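Enquirer: Quick one: the structure is below, questions incoming.
Quick note: the coordinates plus some simple rules give every number you see, no bench work behind them. Everything numeric in this text was worked out from a predicted model, so none of it was measured. Positions of Cβ are generated from backbone atoms using ideal geometry, with glycine treated the same way; all protein chains shown enter the neighbour counts.
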Amino acid sequence: MGELVFKSAGVSSREIDLSFPTQTQPIGVPAGIIGTADEGSAFIPVTFSSYSEFETIFGSSDGEKFGPLAVQQWMRNAQSCTYVRVLG
């Protein structure tokens, strides 16, 4: 929480702590990929900025599902992707 500091009569300043880690935002035009995954919500488009963020939401790639493989290859050269998980 910010600390209120009085320096002289009628003048006050507030300290704002910006030291917490921030999440990176997606940059550029994302690819739209539709596929299956082991975890995550279905039929809701999710935009993310890194493959590790994709793994926390939808799980890691098992090497057989085409959706996570496409995301992994796209994120090697891009900074944003939108994924929609379908069932079945």
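Enquirer: Could you compute the FRET efficiency for ASP38 and GLN79, with r as their C-beta to C-beta distance and R0 at 35 Å, rounded to 0.05?
Expert: Plugging the Cβ-Cβ distance into 1/(1 + (r/R0)^6) gives 0.90.
Enquirer: Another question, if that's okay. Along the range 47-62, what does the Karplus equation 6.51 cos²θ - 1.76 cosθ + 1.60 (θ = phi - 60°) give for ³J(HN,Hα), rounded to whole Hz, x for Gly and Pro?
Expert: Working through the residues one at a time gives 9, 9, 10, 8, 5, 5, 5, 4, 5, 5, 8, 10, x, 7, 6, 9 Hz.
Enquirer: Relative contact order (percent) for the chain, with alpha-carbon contacts under 8 angstrom and 6 or more residues of separation?
Expert: So the answer I get is 36 percent.
Enquirer: Where Lys and Arg each count +1 and Asp and Glu each count -1, what net charge lies around ASP38 among other residues with Cβ under 10 Å from its Cβ?
Expert: Its environment carries a net charge of 0.
Enquirer: Hey, what do the phi angles of the range 23-39 turn into as Karplus ³J(HN,Hα) couplings, whole Hz, using 6.51/-1.76/1.60 and θ = phi - 60°, x for Gly and Pro?
Expert: In residue order, the calculated couplings are 8, 6, 8, x, 10, x, 8, x, 7, x, 10, 10, x, 9, 7, 7, 10 Hz.
Enquirer: So who's got an amide H within less than 5 Å of the one on ALA37, skipping anything under 5 residues away but keeping other chains? H placed 1.01 Å off N, in plane.
Expert: Under 5 Å from the amide H of ALA37: VAL86.
Enquirer: Only helical DSSP H runs with n ≥ 4 go in: add -39500 (n - 2.57) per run for the chain, normalise by residue count and round the 222 nm mean residue ellipticity to 500 deg cm²/dmol.
Expert: Rounded to the nearest 500, the figure is -5500 deg cm²/dmol.
Enquirer: Based on the inverse mean of 1/r over its pairs of different Cα atoms, what is the Kirkwood hydrodynamic radius of the range 14-88, in Å?
Expert: The answer is 13.1 Å.
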